[in-house]
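The values are calculated or read from the model by the stated rules, or taken from the named source; none is laboratory data. Remember, predicted model here, so these are calculated numbers, not experimental data. Neighbour counts are summed over all protein chains in view; Cβ atoms, including those assigned to glycine, are modelled from backbone coordinates with ideal geometry.
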């Protein structure tokens, strides 16, 4: 297939940026993770921690009030800004200098949350990574896709993708429909699955890392944090998506030598990110 690239270590090395030895946290990027609702704060904890572990200098979580203690205690390195409302997001307001935002995980689809998301999209000019409930809200309001900044990264699993583009009868039809979506709105789409595919216009990148261990709760939340971190660190969005998916899959390949598919959980992805980086630069 033309414009089809297998993402292997060679492709990753071309994109990986070595960190300057004189760097400091203020120039390593500041990312925000927006999401969470009552009973679903774990998603924000996983994404925020993954964001830090991937190399972002500063990470702030924007969450409803009910998650304040949970996030502060679970990830002390992450800063927290809260909505005025207790149980879900009703308004997205902050005064911070950011480089990237990941939004949607654990957020729910309350009517107030949908309106908050709409007003956020109207005002936002920052690079975005969109996942989970934010994707489902967009599927209900397709015209909002026009509000997204160029090269916004969407990270749907197959069910979320179906809500966005409708059904398909073959992989070729699925890819063609995603290419159409990508070109119409200037988006990058990460189709999570086995294998994960990254689509940017007519270009298709097929990831080569990962295994069935990644089929576990919170795995997608971690991926959102990883990709958001890389965008905040000034990687081009397509390179952030490609490197992020590769790293995410590589953690499962590395960890398999020490644990089974069954016992691998999302926290293990985060714990293995450092080793994954070492494999890339080895």
Looking only at the stretch 136-149, count every residue that is free of Cβ contacts under 8 Å to residues at least 40 places away in the same chain, closer than 17 Å to residue 180 by Cβ and either touching a strand residue (DSSP E or B) at 6+ places or on another chain (Cβ under 8 Å) or buried (at least 23 other Cβ atoms within 10 Å of the Cβ) (or both) and tell me the total. 2
Among what's in the stretch 97-115 and is more than 20 Å from the chain's Cα centre (by Cα) and more than 21 Å from residue 42 (Cβ to Cβ), pick the residue that is surrounded by the fewest Cβ atoms within 10 Å (Cβ to Cβ). 111
Looking at this structure, is residue 94 over 13 Å from residue 35 (Cα atoms), surrounded by fewer than 20 Cβ atoms within 10 Å (Cβ to Cβ) and in contact with a helix residue (DSSP H, G or I) (Cβ under 9 Å, 6 or more places away or on another chain)? no
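Quick grid of which residues meet (1) surrounded by fewer than 24 Cβ atoms within 10 Å (Cβ to Cβ); (2) touching a helix residue (DSSP H, G or I) at 6+ places or on another chain (Cβ under 6 Å); (3) part of a helix (DSSP H, G or I):
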| site | (1), (2), (3) |
| --- | --- |
| 19 | yes, no, no |
| 47 | no, yes, yes |
| 50 | no, yes, yes |
| 56 | no, yes, no |
| 68 | yes, no, yes |
| 72 | yes, no, yes |
| 89 | no, yes, no |
Restricting the stretch 21-45 to residues that are without any contact (Cβ under 8 Å) to a residue 60 or more places away in the chain and in contact with a helix residue (DSSP H, G or I) (Cβ under 7 Å, 6 or more places away or on another chain), the residue that is farthest from residue 207 (Cα to Cα): 38
Given the stretch 175-273, what strands (runs of 3 or more DSSP E) lie entirely inside it while holding 2 or more residues that are touching a strand residue (DSSP E or B) at 6+ places or on another chain (Cβ under 7 Å), within 22 Å of residue 46 (Cα to Cα) and at pLDDT 95 or above? 187-191
Just a yes or no: is a residue in the stretch 151-160 touching a helix residue (DSSP H, G or I) at 6+ places or on another chain (Cβ under 7 Å) and part of a helix (DSSP H, G or I)? yes
Could you say whether any residue in the stretch 225-235 is over 12 Å from the mean Cα position of the chain (by Cα) and without any contact (Cβ under 8 Å) to a residue 40 or more places away in the chain? no
